[in-house]
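J.: If you scroll down you'll find the structure; I have some questions about it.
Coordinate-derived values only; no laboratory data. Just so it is clear, the model here is predicted, and its values are computed rather than measured. Note: ideal-geometry Cβ built from the backbone for every residue, glycine included; neighbour counts use all protein chains shown.
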Amino acid sequence: MFDFVGLIVPVIIALYLINSIKILAEYERGVIFRLGRLMPRPKGPGLVLVFAPIDRMVRMSLRVETLEVPSQDVVTRDNVTVKVSAVVFFRVVGPAKAVVEVSHYVHATSQLAQTRLRSVLGEADLDELLSQREKLNARLQETLDDHTGPWGIKVQAVEVKHVDLPEQMIRAIARQAEAERERRAKVIHADGEMQAAAKLTGAAEQLSSQPSSITLRYLQTLTEIGTEKNTTVVFPLPIDIFTGLSRWAAAQNDKNGQDENN
């Protein structure tokens, strides 16, 4: 009988010691509570001894976690209602705080991200929400990190994932973009006309300085027309010829009128 008792006691002790051995991975830390009190430093990684029921260990992962924020109804500063979803990337940097300071840190971070998403994006205009996402992402990351810091949570990045606009607003933005493109086209066309007019003015001044250059330009134009094998040849005539003819005709009429009077 004593031999059986002497054998069972070492077996129980051995099983207790084996059950007390815990192995933590490189990305894990163990927060130890001894008789309900938090131990100064988390244990791990590697081999850890947890003597239950005196000790209780809570495993904490230090890897980056991805939290998808559900679509939220956001009213922008210019009173436009949109649906916005986002993604939050965070990790635990203080395992003890994440266990002691907050209950269910993932759920708490999710709820905080939803409320801060509506608050921060509600302070921006629709144009800012669509064109300056990097700035808004930085503001969201900063405000979330300030609130989760006491929990031992580090928010590394916040990305606005999708912005769902109402159908009427999509049509209005399309009309605005079309009007903007037409305005730019008209401005570019007007600039081209202005530059062409300036070049033509300079060319006319240069040609007027040498009268013979106009004749050379006529001959060059005829040469270009001839190379294209056209059946019609156009001879440009200076306007001064018609002016001289009109003056000559007026002078002849005045002369004939004086002869009739005489």
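J.: Residue by residue through the stretch 157-173, which ³J(HN,Hα) values in whole Hz follow from phi under the Karplus form 6.51 cos²θ - 1.76 cosθ + 1.60 (θ = phi - 60°), with glycine and proline marked x?
T.: Karplus-based 3J(HN,Hα) across the stretch 157-173 equals 6, 10, 10, 5, 7, 8, 10, 9, 9, x, 4, 5, 5, 5, 5, 5, 5 Hz.
J.: Now for a separate question. Taking the Cα centre of the stretch 9-81 as origin, sum charge times position over the Cβ atoms of Lys and Arg (+1) and Asp and Glu (-1), and report the length of that vector in debye to the nearest 20.
T.: Working: 10 positive and 7 negative charges, 115 e Å.
So the dipole magnitude of the stretch 9-81 works out to roughly 560 debye.
J.: While we're looking at this one, here's another question. Using label points projected 7 Å from each Cα along Cα→Cβ, tell me how many nm separate A25 and R37, to one decimal.
T.: Each label point is offset 7 Å from its Cα along the Cβ direction, giving 3.3 nm.
J.: Turning to a different aspect of this structure: Would you mind putting 34-41, 124-131 in packing order, based on average other-beta-carbon counts within 10 Å, highest first? Could you put the intermediate results ahead of the total?
T.: Values: 34-41: 9.9, 124-131: 15.6.
The peptides rank, most packed first, as 124-131, 34-41.
J.: So what's the net charge close to V84: Lys and Arg +1, Asp and Glu -1, counting the other residues with Cβ under 11 Å from its Cβ?
T.: Working: positive: K83, R118, R133, K161; negative: D73, D164.
Around V84, the surrounding residues sum to +2.
J.: Right, here's the next one. Using the Karplus curve 6.51 cos²θ - 1.76 cosθ + 1.60 with θ = phi - 60°, what ³J(HN,Hα) values do you get for each residue of the stretch 94-110, in whole Hz, with x for Gly and Pro?
T.: Coupling constants for the stretch 94-110: x, x, 5, 5, 5, 8, 8, 7, 9, 9, 6, 4, 5, 5, 5, 5, 5 Hz.
J.: Please give the peptides 138-147, 197-206 ranked by average Cβ packing (other Cβ atoms within 10 Å per residue), highest first, as a rough proxy for protection.
T.: Details: 138-147: 16.6, 197-206: 10.1.
Highest to lowest by the protection proxy: 138-147, 197-206.
J.: Here's something else I'd like to know. Non-local amide H neighbours of Q72 (under 5 Å, H modeled in plane, Pro and chain starts lacking H): which ones?
T.: Those qualifying (amide H under 5 Å, at least 5 residues apart or on another chain) are V84, S85.
J.: Explain nothing, just compute: Karplus ³J(HN,Hα) = 6.51 cos²θ - 1.76 cosθ + 1.60, θ = phi - 60°, for every residue of the stretch 53-61 in order, whole Hz, x for Gly and Pro.
T.: x, 5, 9, 9, 10, 10, 7, 10, 8
J.: Return the long-range amide H neighbours of A124 (sequence gap of 5 or more, or a different chain), with a cut-off of under 5 Å between placed amide H atoms.
T.: Hits under the 5 Å cutoff: R77.
J.: Quick one: if you stick a label point 7 Å off each Cα along the C-beta vector at K186 and A203, how many nm between them?
T.: For K186 paired with A203, the spin-label model returns 2.8 nm.
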